[in-house]
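Computed from the coordinates by the stated procedures, all read-outs in this text should not be read as laboratory data. Given the structure is predicted, the values throughout are model-derived calculations rather than measurements. All Cβ positions, glycine included, derive from the backbone under ideal geometry; neighbour counts span all protein chains shown.
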Amino acid sequence: MYKKFYRAFSQAPSGSPSAMLHMACHSHHYWPDVTLEAVQQYWHDAALLADDKWGPIFQEKIPAWQNAVARTLKLPAPNQIAIAPNTHELVYRLISAFNPDQPLRILTTDGEFYSFTRQLQRLEELPNVEVTRIPKTPYATLAERFEQELHGGEYHLAYASLVFFDSGVVFPELLRIAEDKPTETQFVIDGYHGFYARPIDLSGIADKAFFTAGSYKYLGAGEGLCFMSIPTQCNLRPLNTGWFAEMAELENRSESVGYGDNWLRFAGATMDYSCLYKGLAIFDLFRREGITVDKIHRNVLNAQCRFLQSMDKANHPLLNRQHLIHHDLERGHGHFFTFDCGTAENSERLQKELKARAVLCDRRQHLLRLGFAIYHDENETYQQVFGTPSRNSQVSLQ
């Protein structure tokens, strides 16, 4: 149904990674074919306009991107969506807004992505920074444990993933927790593995929480364009700031450092905007074809159901329900499955075995991840994963 939009990646020469059954979608999602023309358009605009290209980028392209993201997430203020090459830059810019001479108490989980985890470890070397990590398991009690600590610990910053990168499990009730957060706590939701994968409604927390995500994963626009929604009443003054933050006042700069009341408060500096063009091309494609996040999510749920049916029949020693990390597969899971292989050696060996069967996946230490995307065949049964020929299946979730 949707594979036709990804012909260039799907029809790669035999032997290349893209020619395999690509189940690393959660890592490097295929790009739709329309992105090639978008990149070429970026080049032609640069050739035609040179320095004047910044006008259309800031006056037309960025607002169009912000509007598309706002519609997707049901955010009421598109001009409160900051952009940067990666989410780490945005999150660190937020952290830099806290007074370095004052105590900084941070609440998070033990399941956050490497960049944030590494950054916190470095910050903890400072005498004024204190970090509390709530164990993500058992998932059934995570919401209760996290919220209890949030309201009892006088935290300046709280940070948690909507979908955990190492398991695909959705943080239960995270949006509600953010909505009820203490007034004095800045709350950040890492939505990287949720954006354009699962339907997300941020209308109830738009003025209470920051939300970060990017185009590299499920939108399929490639690396280089991430965003962070900013609460409308935010008046933080990031220490980490760049010339884009005063884009509106470049011709009349003052001696003091000022901040705007929109996304430019968290702006950085010069970046490559080819990904912006690609993202807009994808948004336009999906709008024309009626492809919504709800339809994408339903498509992947059906694919996951077919995978589970094949898995249950295969009796694989590692790829089975006993080793599958999950909490609520139908209502509380992302677009990839993670299997605990026990050791890094086991996961590495299994990854090589799958590659020998023309299945591309990825792993994180002892964890092996298998992802699903709309560019998989509509009736793919994933029997290839388990060493048997793939056949069509009509199984779907109701």
Rough spin-label spacing in nm, given labels placed 7 Å along Cα→Cβ, for residue 148 and residue 328:
2.0
Potential extension, residue 348-residue 294 segment - 0.36 nm per residue separation minus Cα distance
16.0 nm
Checking rank on 280-292, 192-204, with mean other Cβ inside 10 Å and highest first, the result is 192-204, 280-292
In percent, what relative contact order does the range 36-283 have, based on Cα pairs under 8 Å that are 6 or more apart in sequence?
26
Kindly rank 125-132, 180-187 from highest to lowest mean number of other beta carbons found within 10 Å of each residue.
180-187, 125-132
Largest-first semi-axes in Å of the equivalent ellipsoid built from the Cα gyration tensor of the chain are 36, 28, 18
I'd like the Karplus ³J(HN,Hα) series for the range 75-84: coefficients 6.51, -1.76, 1.60, θ = phi - 60°, whole numbers in Hz, and an x wherever there's a Gly or Pro.
8, x, 10, x, 6, 9, 9, 7, 10, 6
Return the Rg/Rh value of the range 115-213, two decimal places, where both radii are evaluated on C-alpha atoms and Rh is the Kirkwood radius.
0.94
Using R₀ = 51 Å, calculate the FRET efficiency as 1/(1 + (r/R₀)^6) where r is the Cβ-Cβ separation of residue 356 and residue 119; round to 0.05.
0.85
At 1.002 mPa s and 20 °C, Stokes D of the range 276-369 from Kirkwood alpha-carbon radius, µm² per second
140
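Could the peptides 351-357, 364-370, 299-305 be put in order, highest first, of the mean number of other beta-carbon atoms found within 10 Å of their residues?
Order by mean packing, descending: 299-305, 364-370, 351-357.
Which percent, to the nearest 5, of DSSP beta bridges fully inside the range 36-283 are antiparallel? The partial results should precede the final answer.
Values: 9 of 26 bridges.
Of all bridge pairs located within the range 36-283, approximately 35 percent are antiparallel.
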What FRET efficiency would be calculated for the residue pair residue 236, residue 366, taking the C-beta separation as r and a Förster radius of 35 Å, to the nearest 0.05?
0.35
